[in-house]
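Down below is the structure, laid out as structure tokens.
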Amino acid sequence: MSYMDGFVAAVPTANKDKYIEHAKLTALVFKDHGALKITEAWGDDVPEGEVTSFPMAVKCGEDETVVFSSVVWPSKDVRDAGWQAIMQDARMHPDNNPMPFDGKRLIYGGFQVLETE
């Protein structure tokens, strides 16, 4: 059974190109450590909610855009080992691949993929 990590962040809209470069390097690192697929999505139609929403969850400012990302792994075991290796990979060090957004407002989690097809 595959496993997935999901991420939601508020990225300064002016940093879109920096974010794309950050995401490209990050994707290479994740794939080198076992990830099968990485998807990055720049917010286009992400409404504010009345009770909760993506923008509210990441405290998105007027000059920021919500980004949604996912990483698919072959299993949770591969994911867990992959994350350990990723955290040690020099390419992920902030000096080599700085986050172009406020990482304190990043929401993330791991999910068991439900087979629905």
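The values are calculated or read from the model by the stated rules, or taken from the named source; none is laboratory data. Not measured: the values here are computed from a predicted model. We place every Cβ from the backbone using ideal geometry, glycine too, and count neighbours over all the protein chains shown. These accessible areas exclude ligands, DNA and RNA; they are computed on the full protein's heavy atoms, side chains included. Shrake-Rupley method; radii C 1.70, N 1.55, O 1.52, S 1.80 Å.
For the range 77-91, filtered to residues that are closer than 14 Å to Leu28 by Cα and part of a helix (DSSP H, G or I), the residue that is most open to solvent (accessible area, probe 1.4 Å) is Met87.
Scoring Asp32 on the criteria (1) within 25 Å of Tyr3 (Cβ to Cβ); (2) touching a Phe, Trp or Tyr at 6+ places or on another chain (Cβ under 9 Å); (3) among the acidic types (Asp, Glu) leaves a single failure, condition (2). All of (1) acidic (Asp, Glu); (2) under 14 Å from the mean Cα position of the chain (by Cα); (3) in a loop (DSSP other than H, G, I, E, B) hold for Glu40 with one exception: (3). For the range 92-117, the set of residues classified as open to solvent by 90 Å² or more (accessible area, probe 1.4 Å) and either in a helix (DSSP H, G or I) or touching a Lys or Arg at 6+ places or on another chain (Cβ under 8 Å) (or both) consists of Lys104, Gln112, listed by residue number.
Considering the conditions (1) in a strand (DSSP E or B); (2) more than 18 Å from Gln112 (Cβ to Cβ), Ser70 is excluded by exactly one of them, (2).
Checking each residue in the range 9-34 for being open to solvent by 20 Å² or more (accessible area, probe 1.4 Å) and outside any helix (DSSP H, G or I) picks out Pro12, His33, Gly34. Is one or more of the residues making up the range 58-70 in contact with a Ser or Thr (Cβ under 7 Å, 6 or more places away or on another chain) and closer than 17 Å to Gly109 by Cα? Yes, the conditions are met somewhere in the range 58-70.
Take the range 101-117 and flag every residue that is polar (S, T, N, Q) and within 18 Å of Asp77 (Cα to Cα).
Result: Gln112, single match.
Sub-8 Å Cβ pairs linking a first residue in the range 92-117 that is under 22 Å from Leu36 (Cα atoms) to a second residue that is basic (Lys, Arg) and loosely packed, with under 14 Cβ neighbours inside 10 Å, at least 6 apart or interchain, are Asn97/Arg91, ordered by first then second residue. If the condition is being exposed (fewer than 14 other Cβ atoms within 10 Å of the Cβ), on the phi < 0 side of the Ramachandran plot and not β-branched (Val, Ile, Thr), then the range 51-71 contributes Met56, Gly61, Glu62, Asp63.
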